[in-house]
1. Ordered by packing density, taken as the mean number of other Cβ atoms within 10 Å over each peptide's residues, highest first, how do 123-133, 42-52 rank?
2. For region 6-322, what does the relative contact order come out to in percent, with C-alpha contacts under 8 Å and a separation of six or more?
3. Going by Cα centres, region 209-229 and region 237-263 are how many Å apart?
4. When we measure straight from the Cα of Lys276, which lysines land under 30 angstrom away, once same-chain ones fewer than 8 places off are left out?
5. Going Cα to Cα from Lys141, which lysines come in below 20 Å? Please leave out same-chain ones fewer than 8 positions away.
6. Quick one: net charge of Asp288's neighbours, Cβ under 11 Å, K/R +1, D/E -1?
7. Would you work out the charge dipole size for region 6-322 about its Cα centre, treating the Cβ of every Lys and Arg as +1 and the Cβ of every Asp and Glu as -1, and quote it to the nearest 20 debye?
8. If Rh is defined by the Kirkwood formula over all Cα pairs and Rg also comes from Cα, what ratio Rg/Rh do you get for region 130-188?
Amino acid sequence: MSEPLLKVENLKKYFPVRRSLIESLKKVPPKYVKAVDGISFEIARGEVLALIGESGCGKTTAGRTVLRLIEPTDGRVIFDGTDITKLSQEELRPFRRRMQIIFQDPYSSLSPRMKIGDAIAHPLLVHGLAEKEEAKEMALKMLKRVGLTPEEEFYERYPHHLSGGQRQRVVIARAMILKPEFVVADEAVSMIDVSMRASILELLESFREEYNLSQLFITHDIAVGKLIADRIAVMYLGKIVEIGPTDEVLKNPAHPYTKALIDAVPSIARRKKGRKFRVKGEVPNAVDVPPGCRFHPRCPFATEECRTKEPELVEVSHNHFVACHHPLH
Ligand SMILES: Nc1ncnc2c1ncn2[C@@H]1O[C@H](COP(=O)(O)OP(=O)(O)OP(=O)(O)O)[C@@H](O)[C@H]1O
Ligand SMILES: [Mg+2]
């Protein structure tokens, strides 16, 4: 196999928790939100990895840290053979074009005062890839490419003239005009009307084919992951607890948490035999991470070992890894 485009090694992001004055005076040691607590994965060229998990498990922080939109606390991100974690902002510039992000909220990620055509042309000017007229031509082509036609008319519109789905097409166009090799799509369809979701996913898929685009596709919705991803990584409280080929993870989940996520989706769970289960309670906060397996307080199978010893990721079948002392198979 060729080298993966992206390699993430033991990446961590801890956010310091603000201390009260009294705590500072008493020299209470600082506490941290361990949003991302040592994750490793690779993405091949043209591959889509879905990052799945409940709210607050660290998906967005992971995606932004990979792109160095926030600075990692520890670990390495290797993009096309270069360790980008230690690069200066100046040295990062050429990588910024190659790695893009598509945000969740198409309402807040576009400037209300910029024509959408200019918004799409803007990155070309910022990166010095085209002069004004040429950038406009390219933006017009891109509007057509993402299905916003007649493109001359759409060029002149402002975001408030557009539906949520149309805005998300603009956001995708703005990222894709730079011909990136890698994109983090953070809940790219979560705020879009269900009726529009499939066409937005198809649009992303068409760019994967055209650019051989790799994607880290962040979603809390395992059904969306099923549609788009080659592999799925399941995150729980800052850690990847299971990772493997999409079909394999969905058919044979090995981690109780993954199974519970799947069982919560009627369209996928319906077709499966056997006992379904739900997990108790809510995700604990990422400041006081439970000892041992961090999932143990919610796990129906937890034993003494789970309360004391943290499980490592081990391969349970080809390319399918799970961090659990008592995997389901
Ligand atoms: N800038 C920040 N400062 C402090 N804590 C933060 C910061 N950003 C995120 N967190 C915390 O880090 C943890 C992970 O948050 P994150 O947004 O990455 O989760 P998520 O999986 O994307 O959740 P969601 O599905 O709700 O988008 C949460 O406990 C969150 O409160
Ligand atoms: Mg998020």
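The values are calculated or read from the model by the stated rules, or taken from the named source; none is laboratory data. Note that this is a predicted model, so its numbers are computed, not measured. Ideal geometry is used to build each Cβ from the backbone, glycine not excepted, and the neighbour counts take in all protein chains shown. All accessible areas refer to the heavy atoms of the entire protein, side chains included, with ligands and DNA or RNA removed. Shrake-Rupley method; radii C 1.70, N 1.55, O 1.52, S 1.80 Å.
1. Working: 123-133: 13.9, 42-52: 21.4.
Ranking the peptides 123-133, 42-52 by packing returns 42-52, 123-133.
2. Details: 561 pairs, mean separation 67.7, N = 317.
Worked out over region 6-322, it gives 21 percent.
3. 16
4. Result set, ordered by chain and number: Lys59, Lys226, Lys239, Lys251, Lys259, Lys309.
5. Lys141 reaches Lys115, Lys132, Lys179.
6. Values: positive: Lys31, Lys34, Arg294; negative: none.
Local net charge: +3.
7. On the way: 50 positive and 43 negative charges, 214 e Å.
About 1020 debye.
8. Ratio value, two decimals: 0.97.
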